[in-house]
Amino acid sequence: MNGFPAGRGRAPRPFDAVTLAAMYRRVSVPEDLPWHRDEPPVFLQQFIEARGVFGRALDIGCGSGETAVYLAGRGYQVTGVDFLDAPLRFAKALARQARVQISFLQQNVLYWDAPGLYDLVVDLGCLHHIDDRMTKLYRRVVLRALTSNGDLIIGHLATPISGSYNLSVPLPRCRTVPAVRRLFASALRLREHAVEHVCDSNLGRLTIGFYRFTRSL
Ligand SMILES: C[S@@+](CC[C@H](N)C(=O)[O-])C[C@H]1O[C@@H](n2cnc3c(N)ncnc32)[C@H](O)[C@@H]1O
């Protein structure tokens with residue numbers, strides 16, 4: 001058993017895709033998703049406001065597009081990637097409504113090469129859906145996408161969730177600060193870390209660790 005559902009002649013999809021697809025099927029509006037929040041996390045907002053310069057931004061696991069739209073509204077040229085079509089439909093509608101241009105791509109980031117370099121790579125909630133055995137692929141895509149002076153922002157589950165998906169599949173992984181730091185060892189340096197309570201939902205209280213990495217030059 002390798003942690004994947006049996007493939008039918010196609011490349012295996014990560015097991016979490018089953019859970020996530022089911023969660024998106026249950027909602028008709030993104031506001032009903034258990035991780036939805038009305039505002040971008042404070043950590044991200046403060047960083048973006050202080051950063052001042054714009055450039056190209058990549059949103060990994062962009063979901064229903066709130067972060068991508070927020071960044072586009074701040075002057076970034078944004079690419080949002082998600083492996084499911086349901087969140088991308090929400091994301092495209094949100095971008096249209098906000099009148100911003102965003103390139104949304106349906107890709108599994110683990111088997112993908114980003115089309116270029118990005119000054120900012122953001123992942124709010126994707127990494128904790130990636131199994132330890134696959135994080136090498138995640139590291140590869142991030143390191144290849146980030147410019148030499150780029151910033152990587154990650155939001156990752158900081159404490160185990162107490163609620164249930166009511167689905168017999170794994171819950172998102174909770175990783176410690178040293179574990180997240182180790183993922184990028186020798187390539188990126190952790191510059192900032194903070195923990196934020198993001199929202200309460202049927203998954204319980206979502207407490208997210210936010211990380212900012214840059215290249216360790
Ligand atoms: C918890 S949601 C967070 C969505 C969004 N970033 C937000 O903050 O609302 C995680 C998202 O990552 C996507 N995702 C998970 N693993 C992925 C992968 N390997 N490739 C692309 N997208 C992935 C899921 O489809 C889902 O939309």
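A few notes on this one:
- Considering the conditions (1) more than 8 Å from the ligand (Cβ to nearest atom); (2) touching a helix residue (DSSP H, G or I) at 6+ places or on another chain (Cβ under 8 Å); (3) under 24 Å from L143 (Cα atoms), E39 is excluded by exactly one of them, (3).
- Pairs meeting the criteria (first residue in the range 103-126 and β-branched (V, I, T), second residue within 12 Å of the ligand (Cβ to nearest atom) and assigned to a loop (DSSP other than H, G, I, E, B), beta carbons under 8 Å, at least 6 apart or on different chains) are V109/G61; V109/F83; V109/C126.
- Residues of the range 85-101 classified as more than 10 Å from the ligand (Cβ to nearest atom), part of a helix (DSSP H, G or I) and among the charged types (D, E, K, R), total: 3
- Enumeration of residues in the range 71-84 that are surrounded by fewer than 21 Cβ atoms within 10 Å (Cβ to Cβ) and either over 21 Å from Y138 (Cα atoms) or more than 15 Å from the ligand (Cβ to nearest atom) (or both): G73, R74, G75, Q77
- The set of residues in the range 158-171 that are surrounded by 14 or more Cβ atoms within 10 Å (Cβ to Cβ) and modelled with pLDDT under 80 comprises I161, G163, Y165, P170, L171.
- Being at negative phi and modelled with pLDDT under 90 is a property that S201 has.
- Only one of R56, R26, R51 that is of a type outside the set (S, T, Y), surrounded by fewer than 18 Cβ atoms within 10 Å (Cβ to Cβ) and in contact (Cβ under 8 Å) with a residue 60 or more places away in the chain: R51
- Of the residues contained in the range 136-147, none is found to be part of a loop (DSSP other than H, G, I, E, B) and either closer than 20 Å to C174 by Cβ or in contact (Cβ under 8 Å) with a residue 24 or more places away in the chain (or both).
- Residue within the range 134-154 that is near the ligand (Cβ under 10 Å from one of its atoms), modelled with pLDDT under 95, surrounded by fewer than 19 Cβ atoms within 10 Å (Cβ to Cβ) and over 20 Å from Y24 (Cα atoms) present: yes
- In the range 10-33, the residues that are within 10 Å of the ligand (Cβ to nearest atom), modelled with pLDDT of 85 or more and not in a helix (DSSP H, G or I): L33
- Looking across L84, L105, L58, L33, one residue alone is under 17 Å from the mean Cα position of the chain (by Cα) and under 23 Å from S148 (Cα atoms). It is L58.
- Reported count of residues in the range 48-70, each being closer than 21 Å to L143 by Cα and of a type in the set (D, E), is 1.
- Restricted to the range 172-196, and to residues there that are without any contact (Cβ under 8 Å) to a residue 60 or more places away in the chain and part of a strand (DSSP E or B), the residue that is surrounded by the most Cβ atoms within 10 Å (Cβ to Cβ) is L188.
- Only a single item in (1) in contact with a strand residue (DSSP E or B) (Cβ under 7 Å, 6 or more places away or on another chain); (2) part of a loop (DSSP other than H, G, I, E, B) is not met by L58, and it is number (2).
- With respect to the conditions (1) more than 11 Å from the ligand (Cβ to nearest atom); (2) outside any strand (DSSP E or B); (3) closer than 18 Å to P115 by Cβ, A68 falls short on a single one, namely (1).
The values are calculated or read from the model by the stated rules, or taken from the named source; none is laboratory data. The model shown is predicted, which means the values in this text are computed figures rather than measured ones. Note that we place each Cβ from the backbone using ideal geometry, even for glycine, and neighbour counts take in every protein chain shown.
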